[in-house]
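Okay, so here's the structure we're looking at.
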Amino acid sequence: MSNKLKVQRLDDGLIIGYSRKDPFSPPVMVVGRKRMNDTPVIINAFEGKEAEELYKKLTTVEKKDDANG
């Protein structure tokens, strides 16, 4: 019996796509995974308000005060 722990890899390549057909249609976000020498695979999809909220979280840059870290 082995006492070794199996540790998950800590690196992962994700591909995010965000699209709207027109300004009034619901947005769609797809998330894919791409590993070295592998074909990209779609692992999740979001639509509507959830897609829009995730997009904003991923693309909004928050400025940090240099004195506080």
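Numerical summary
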quantity	calculated
Every residue from segment 21-61 that is more than 15 Å from the chain's Cα centre (by Cα) and either aliphatic (A, V, I, L, M) or within 24 Å of Asp11 (Cβ to Cβ) (or both)	Met36, Asn37, Asp38, Thr39, Val61
Scope segment 1-19; condition under 15 Å from Leu54 (Cβ atoms) and at pLDDT below 95; matching residues	Leu14, Ile15
Strands (runs of 3 or more DSSP E) completely within segment 9-64 that count 1 or more residues being in contact with a Ser or Thr (Cβ under 8 Å, 6 or more places away or on another chain) and not aliphatic (A, V, I, L, M)	none
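The values are calculated or read from the model by the stated rules, or taken from the named source; none is laboratory data. Fair warning: this is a prediction, and the values are worked out from it, not measured in the lab. Note that we place each Cβ from the backbone using ideal geometry, even for glycine, and neighbour counts take in every protein chain shown.
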